[in-house]
Structure formats: C-alpha cells, structure tokens
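Chemist: Have a look at this one before I ask anything.
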C-alpha cells in the first residue's frame, strides 16, 4: 500500500544491500533522483536490472555499489559509450561487474514472465546469436502443440522496482504517459515498488494511452519534481542533452568522475528531493 | 539497438566527396534510397534513423517508422536525440509498451524492413555489437550490446545494414555474433526457422554490398561516385568479392541533399534548445 513518503525514507526502507533492483525507464522517465539517493545512502552489492542501462547506471557502477548487471543495451543514448560501465567490465574498476546479457525482446519477456507469475517466458529469439552461450537465463523449450523449438527466458523478479512517473493522486495511485517502456511489467514483477512523481494532484484525469499503477501494488510514492533529470519527462521537461554530452568527458576519467560524484551527488544531500507534506 | 559509439567513427567520414557532398551524405542518401517500395521500417537510432527519415522526406512519404521505444508511425520533424525522444511519441499514430512492440509487432511478423547499424560485420552480414577482442592478454573491448537487433534481424521481412567502411568494421571473423545475418551461408536462416530473408544490402560510405543469391556472401555491387573498387577492397578485412559489373550510385539530387541537410540542421537546433 503506497504512502506518499520522503525519498530518503522510501529508499532506506525498500532498498537493501545485496538486493536486485530494477530502475526502469526506456530512455524516458528515468529515475535519476532515486538512484542518487541510493548512492548517498551507500546501499551496495546490488544486482541492477534494466533493458537500457545508461548514464544513471554508469554512476551507480562507478560508485562501486554494483556487483552484477542484467541488461540488453548499455550506452549513453545518442552520445556513445558508458565509460564507467566499460571500466568495470574491462578492468574491474572500482570492482568487477558480472553480466547477464540479453536482447531487448528477451529482457522484455523476462519482465512479462515475472509480472505474470510464471517461471519463464517463450519467444522466437536468440537464434544464431552467441548471446545464449554467455548466460544461464536463456534456454530452449519445445512447443507441445507444434514441436517448434523456442527460446525460454527465465522470469526476472527483482526485489525492488523503481520508476519515475508524471503524477500521483493523494491515495498514491500513479499515472504515467508518453513512452511507458517496460515500467508496468517491472513494477508488477518486483517484490517491492517505489515510484517518484513530478507532482501530486487531487484527481488523475484520464489520458489516452496512460498507464495507471494502483496504489495497492506500490510500496511508496515520493514527490520529486525533476526526478528524471536529465532524461525526458513528457509534459514536464525535455532531455538535458548538454548533460548527456558532458557526461562523456566526466565519465571517461576516474578522478573526474569521483570528484563529480562527491560534489554533485554525495554532497548534494536531499537537494532535488522535495516532498509533499500532508 | 546499437547507436554509433564515437570510437566507431572513421576519420574519413567527414571528408568531402565530389561536388561538396561528404562521404557520409553519400551513405545516408543511398541508405534512404534502399527503402524504396517499403511500407514499414523498424528503425535503429543513429544512421538508420537518418536514412529512414530522409526516405520519408523524399521518395517514401508514407513510410511507417517504428522505433523500439514503442512508437508506430512516427513523423519527427527533426532527427531524434535518442529512442526516448518525446518527438517520436508525440508525432506517432500509436504508442505501445516495449513488450507489445517486440511481441505483437516485431515477432508477429508485421514489419517489412529492419534497418540496423553495426560495429562489425563479416562476409555473411552477421553483426557484432557486443565485444571486440583486443588481442591476447588484454580484456575484450566492451560495446553496448544487442539491443533489439537479434530479433529485428530474425523477424523483419528483410534487413538493411548501414555503417562506415573500414577494416575494423568489416572483419574476416567476428569476435562475437550478436545478430545473425546469413550465418555461414545459404540455408542457415531456414535452419534456424527465421521468417525474414535477412540482410539484403549493406550500405557504406564507399558503396553497397549485397549477398550473392547462391552463396549468401556479400559482394560489392555499387560504388559511390569517385570511389574505386580498390578503395573498397582496401577498407574490407577479407578478400571482398566484386560483382562482374560494378555500377556507380547516382549522385545525390539537389532535393535529396537539401532534405538531408534540413533534417540534420533541425536536429542540431533541437539539441541546442533542449
């Protein structure tokens, strides 16, 4: 049952050392502020899941909080490589990073299986690809009706899902729109769920194509205006493209990254985590 | 979907070609032309997105652009910054979730062309976007990974690839097969039960390669104006086969160049203001 809570308390209650955490967002509505709160609290030994790990996962990985990454595409969208991710994979800095690597279709179906309470999902996938040789969460299954051999992907059931949305009402029902990616599936696949929102409104007016997450499938809602910055939040803010471009130089260098993390995240305290007091 | 990482770009990319047309523009214009007659296109970000939007702005105004972030029928007025660009959703006929996109629309066999970029290709148009070997004793260089490509290449009716031509990109053997093109030759796609016919063309900044219908091996069929066959062979990491009569691609028209440059200028403006 969702309560509207401060981001600090919600993260402290819901995210623990060693958890598998999915901070989802298919390059839109990315929960940057919640991830920064995880960094400030030093929650570590995490397994992170996400279809499109980008700059915020680069930050968590570079901060040394991540043991393993479950993903299908890791890059700085429209800019280039994730240098902290690469440094961890290639050189083990600041710690080795184990990978469980998939295709987008496979990852999406892993969440669907998790949300559906099934042990695995099937798809026509991974055919002719070496991907299946590097993971133990892809196998095959034979269709009992046609005999066709299909890929089977293990359900993904994170301990915690964290997503950012546009609005919640006072009961904690959440509404998101625009590109909603795989967020509903990630929330429903996870044992616990935290949603940060741009604002709380008295009533959620219906919107075409919007996804509504009822308060009773969520554990906490925190009001964090700009909580997806620098990514897009349709209806609220555009992508801060200058930041994505600047990130390339910051992340390229270990010292520059560490200094950035210290001043911009760790020393920033609760900045940008405004909450509604009720 | 693999977006072009900075270090994939070749230094030659921005060199002007004949008549003030850059080699990149020759690649982009010819990539757009390759969509002639197509109705629906699953669009990778980066070069494929430039090509697909140029096709829509010129000879295929009704081309349905489909982006893996969930947009169907996007009509962006500028090149999107990423697949999460709100412009793609706001101008789309429909916006669906990512599982729906991959399961119903792609796996359902509803899309004509998959347009992909690549870090590395081999002679059978198999693609690597995962890891590149740097030699014994050195760790593999990490690339972004598969994204949607393996299933896009398997399930679209045909596949187009676009990338800049270099020995680093056109390699004798892939270090990792992320996405199967024609496997190890004819019959491999059927063996894997793939619905689509696979890569039909690889468009580069030097010319166009197409699979030999008999062997499925890529053959140089066209060079861009001012490019020699030897240049293309030199930029290819294997002994590239050459068609008996290599033709020259038609120079970009004024209309194509103007449309391409307008799309890019609008994209730059979008970047500055966002």
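Chemist: Just need a number here: residues in the range A:171-197 that are on the phi < 0 side of the Ramachandran plot and within 14 Å of chain B (Cβ to nearest Cβ).
Modeler: Going through the range A:171-197 one residue at a time, the tally reaches 12.
Let's see how each residue does on (1) within 14 Å of chain B (Cβ to nearest Cβ); (2) under 20 Å from residue A:184 (Cβ atoms):
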| position | (1), (2) |
| --- | --- |
| A:14 | no, yes |
| A:23 | no, yes |
| A:26 | yes, yes |
| A:31 | yes, yes |
| A:39 | no, no |
| A:42 | no, no |
| A:45 | no, no |
| A:65 | no, no |
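Chemist: Another question, then. Would you pick out the residues in the range A:203-256 that are free of Cβ contacts under 8 Å to residues at least 60 places away in the same chain, within 18 Å of residue A:4 (Cβ to Cβ) and surrounded by 15 or more Cβ atoms within 10 Å (Cβ to Cβ)?
Modeler: Within the range A:203-256, A:204, A:212, A:213, A:217, A:225 meet the criteria.
Chemist: Now a separate question. Pull up the range B:134-173, narrow it to residues that are in a strand (DSSP E or B) and more than 9 Å from chain A (Cβ to nearest Cβ), then point me to the one that is surrounded by the most Cβ atoms within 10 Å (Cβ to Cβ). Walk me through how you get there before you give the answer.
Modeler: Within the range B:134-173, the first condition is being in a strand (DSSP E or B), and the residues that meet it are B:141-142, B:158-162, B:170.
Right, trim to more than 9 Å from chain A (Cβ to nearest Cβ) and you get B:158-162, B:170.
Values: B:158: 18, B:159: 27, B:160: 23, B:161: 29, B:162: 26, B:170: 24.
The qualifying residue surrounded by the most Cβ atoms within 10 Å (Cβ to Cβ) is B:161.
Chemist: Do you know which residues across the range A:148-170 are assigned to a loop (DSSP other than H, G, I, E, B), away from chain B (no Cβ under 11 Å) and surrounded by fewer than 24 Cβ atoms within 10 Å (Cβ to Cβ)?
Modeler: Step one: filter the range A:148-170 for residues assigned to a loop (DSSP other than H, G, I, E, B), giving A:148, A:155-159, A:170.
With the extra rule that they be away from chain B (no Cβ under 11 Å), the set shrinks to A:155-159, A:170.
Across the range A:148-170, the qualifying residues are A:155, A:157, A:159, A:170.
Chemist: Among the residues of the range A:118-127, count how many are buried (at least 17 other Cβ atoms within 10 Å of the Cβ) and either closer than 28 Å to residue A:177 by Cβ or in contact (Cβ under 8 Å) with a residue 40 or more places away in the chain (or both).
Modeler: 2
Chemist: Here's something else I'd like to know. Which number in (1) in contact (Cβ under 8 Å) with a residue 24 or more places away in the chain; (2) touching a helix residue (DSSP H, G or I) at 6+ places or on another chain (Cβ under 8 Å); (3) facing chain B (nearest Cβ under 9 Å) marks the one condition that residue A:93 misses?
Modeler: It fails just one condition, (3).
Chemist: Suppose we filter A:130, A:136, A:100 for residues that are at the interface with chain B (Cβ under 7 Å from one of its Cβ atoms), closer than 26 Å to residue B:193 by Cβ, modelled with pLDDT of 95 or more and surrounded by fewer than 22 Cβ atoms within 10 Å (Cβ to Cβ); which single one remains? If you could, list the steps in order and put the result at the bottom.
Modeler: Working: A:136 fails: at the interface with chain B (Cβ under 7 Å from one of its Cβ atoms); A:100 fails: at the interface with chain B (Cβ under 7 Å from one of its Cβ atoms).
The match here is A:130.
Chemist: Please find, among A:26, A:32, the residue that is in contact with a helix residue (DSSP H, G or I) (Cβ under 6 Å, 6 or more places away or on another chain) and at pLDDT below 95.
Modeler: Selected residue: A:26, the only one of A:26, A:32 that is in contact with a helix residue (DSSP H, G or I) (Cβ under 6 Å, 6 or more places away or on another chain) and at pLDDT below 95.
Chemist: Any chance you could count how many residues in the range A:231-252 are facing chain B (nearest Cβ under 10 Å) and outside any helix (DSSP H, G or I)? Write out each step before concluding.
Modeler: So in the range A:231-252, the residues facing chain B (nearest Cβ under 10 Å) come out as A:231-235, A:237-242, A:244-245, A:248.
Retained after the next criterion (residues that are outside any helix (DSSP H, G or I)): A:231-235, A:237-240.
Number satisfying all stated conditions: 9.
The values are calculated or read from the model by the stated rules, or taken from the named source; none is laboratory data. Just so it is clear, the model here is predicted, and its values are computed rather than measured. Cβ sites come from the backbone with ideal geometry, for glycine too, and all protein chains shown count toward neighbours.
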